[in-house]
Amino acid sequence: MIDPDRLKYDAITRELERMRAMQYSYHRKFFALLLVSTLVAGLGLMFPSGFSLTFVCFGLVTTGVTAAFLLHFCDFARTHARALEAKLNELLGERLLIAAELESDYFYPHEEPHLGAALEWPKRFFVFYTLHFCGVWALFVVFAGWQLSQGLSTGPFLLLTSVWLVWTTLNLLFVYGWFRGEAVRKMAQRLRETYAAKV
């Protein structure tokens, strides 16, 4: 390896380390968020009041959006790391770094809509784990909504339900649109142009 290539190798290796650290950090935050928010929502159901039940219904939607926000950072780091690995392999003249390939097979594919990965949930435990929590949260919201329906008169309950449905729909539409993958594909294309390597 000539000196300029050695400098490139060192710089790209450092950047790869930074991207992997970022990825692992946001994955930890993602899993911690799922566990903590589920426990908090469970406490809200155990000690029901109008506030705690409303908090569960709206809070779990916000938790889902926050989880998606953390995953979008993971996608950023994964996509960048994949390009860096490809460039390092090019400099080494050998396909030695394949973590990105393994992640694509084991977790969820690069540059594909996440909904597509969700439809293959039996094949990927990461996706099943996420859907598991979505199912638990849905049950929590239904139970909290039922309790609110018992404690509120019809008018306020229908108003609260309408606001929650609008809030939830707007958030779901944005998250669904984001995770169709267009932003990641644009980023991957820029990385391909920058590193001029097959990624």
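Bear in mind these aren't lab numbers, they're just calculated from the coordinates by the rules spelled out. Quick caveat: nothing in here was measured; it's all calculated off a predicted structure. Neighbour counts are summed over all protein chains in view; Cβ atoms, including those assigned to glycine, are modelled from backbone coordinates with ideal geometry.
Positive-end ranking of H72, T13, L84 along the dipole of the stretch 1-128, with charges on Cβ about the Cα centre, is headed by H72.
Of all aspartates and glutamates in the structure, those lying under 15 Å Cα to Cα from K29, and not within fewer than 8 positions of it along the same chain, are D75. Placing one equal scatterer on every Cα of the stretch 3-195 and applying the Debye formula, the log10 ratio I(q)/I(0) at q = 0.09, 0.12 Å⁻¹ is -0.44, -0.69. As a length-normalised measure over Cα pairs under 8 Å and 6 or more apart, the relative contact order of the chain settles at 30 percent. Around the Cα centre of the chain, unit charges on the Cβ atoms of Lys, Arg, Asp and Glu (plus for the first two, minus for the last two) sum to a dipole of about 200 debye.
The fraction of Cα-Cα pairs per 5 angstrom bin, counted from 0 for the stretch 1-114, comes to 2, 10, 16, 16, 13, 10, 9, 7, 6, 4, 3, 2, 1, 0 percent, rounded to whole percents.
Compute the FRET efficiency between L45 and Y106 as 1/(1 + (r/R0)^6), taking r as their Cβ-Cβ distance and R0 = 35 Å, and round to the nearest 0.05.
Details: r = 34 Å, r/R0 = 0.98.
That pair, L45 with Y106, gives E of 0.55.
Only helical runs count toward this figure. For the chain, summing -39,500 (n - 2.57) over DSSP H runs of n ≥ 4 and dividing by all residues gives -29500 deg cm²/dmol at 222 nm.
Each of L97, G151, V175 was placed along the dipole of the chain (beta-carbon charges, centred on the mean Cα), and the one lying farthest toward the positive end is G151. Taking all Cα-Cα distances within the stretch 46-104, those exceeding 20 Å account for 53%.
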